[in-house]
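First up is the structure itself, then whatever we jot down about it.
The values are calculated or read from the model by the stated rules, or taken from the named source; none is laboratory data. Not measured: the values here are computed from a predicted model. Using ideal geometry, Cβ is built from the backbone for each residue, glycine included, and neighbour counts are taken over all protein chains shown.
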Amino acid sequence: MNQLTLFNKQLVVFDAMVLINFHGLYAFDKLTAWTHGELVVESIVRGEAKRSKAGEIDYERYISDGAIIEKCLETEEHQTLFSYYLNKKIKGTTINKGEAVCLALAISEDFGIASDEKVVRQEFSRRCPGNICVHSWGIVDMAISLNLISKRDGDDMKRGFYYV
């Protein structure tokens, strides 16, 4: 039997804040179950999101069981896009290193993106219209719509994001 997943087997690059949000709410296991084999973390982002209020994030466990896919910027296209976005100002917001790697990897590999930075989502949507583009709340909304979590628990989780 096929396991129901949040992104229907599409790979999605996650930024540090989304990972920290879910881990900080002790919901990282839920996130990785919902996105099993779809959640991509770039090594720089992994370094940025080492811990949350809930403690250290044990990526190795999730990578070894296939729940998380770790990718690195390897190609010339990756590096070119990374250099383009690193410290770039878009609508008054400076793109940091982690956001730049997420954009570079997601755009060049035709993956989706999960970012809590609005300007990153807007830029990604502009460059890759139709690709998955979500934030922490949107992930919870998708899980609710797929009956992976109850509306009440999902609403509680979204309220919790204000505190992590």
**Asked** Would you call K50 surrounded by fewer than 20 Cβ atoms within 10 Å (Cβ to Cβ) and under 21 Å from G160 (Cβ atoms)?
**Response** yes
query: touching a helix residue (DSSP H, G or I) at 6+ places or on another chain (Cβ under 9 Å), surrounded by fewer than 17 Cβ atoms within 10 Å (Cβ to Cβ) and at pLDDT 95 or above, is that true of E117?
result: no
Being closer than 23 Å to D110 by Cα, β-branched (V, I, T) and part of a loop (DSSP other than H, G, I, E, B), is that true of even one residue in region 28-47? yes
The residue that is nearest to I63 (Cα to Cα), considering only those in region 1-22 that are crowded, with 17+ Cβ neighbours inside 10 Å and without any contact (Cβ under 8 Å) to a residue 60 or more places away in the chain, is L19
Before we move on, is V164 out of contact with any strand residue (DSSP E or B) (no Cβ under 8 Å at 6 or more places or on another chain) and either hydroxyl-bearing (S, T, Y) or closer than 15 Å to L25 by Cα (or both)?
-> no
When every residue in region 29-44 that is surrounded by fewer than 23 Cβ atoms within 10 Å (Cβ to Cβ) and of a type in the set (A, V, I, L, M, F, W, C) is compared, the one farthest from T75 (Cα to Cα) is A33
Go through the residues of region 72-90 one by one and say whether even a single one is under 29 Å from I144 (Cβ atoms) and either at pLDDT 95 or above or not hydroxyl-bearing (S, T, Y) (or both). no
Residues in region 99-126 that are among the charged types (D, E, K, R) and either touching a residue at least 60 places away in the same chain (Cβ under 8 Å) or assigned to a loop (DSSP other than H, G, I, E, B) (or both) total 5
Q) Within the bounds of region 34-43, is there any residue that is in contact with a Gly (Cβ under 6 Å, 6 or more places away or on another chain), more than 18 Å from G66 (Cβ to Cβ) and in contact (Cβ under 8 Å) with a residue 12 or more places away in the chain? A) no
Can we say L19 is more than 19 Å from N131 (Cβ to Cβ), touching a helix residue (DSSP H, G or I) at 6+ places or on another chain (Cβ under 9 Å) and assigned to a helix (DSSP H, G or I)?
yes
Given (1) assigned to a helix (DSSP H, G or I); (2) loosely packed, with under 15 Cβ neighbours inside 10 Å; (3) of a type outside the set (S, T, N, Q), E74 misses just (1)
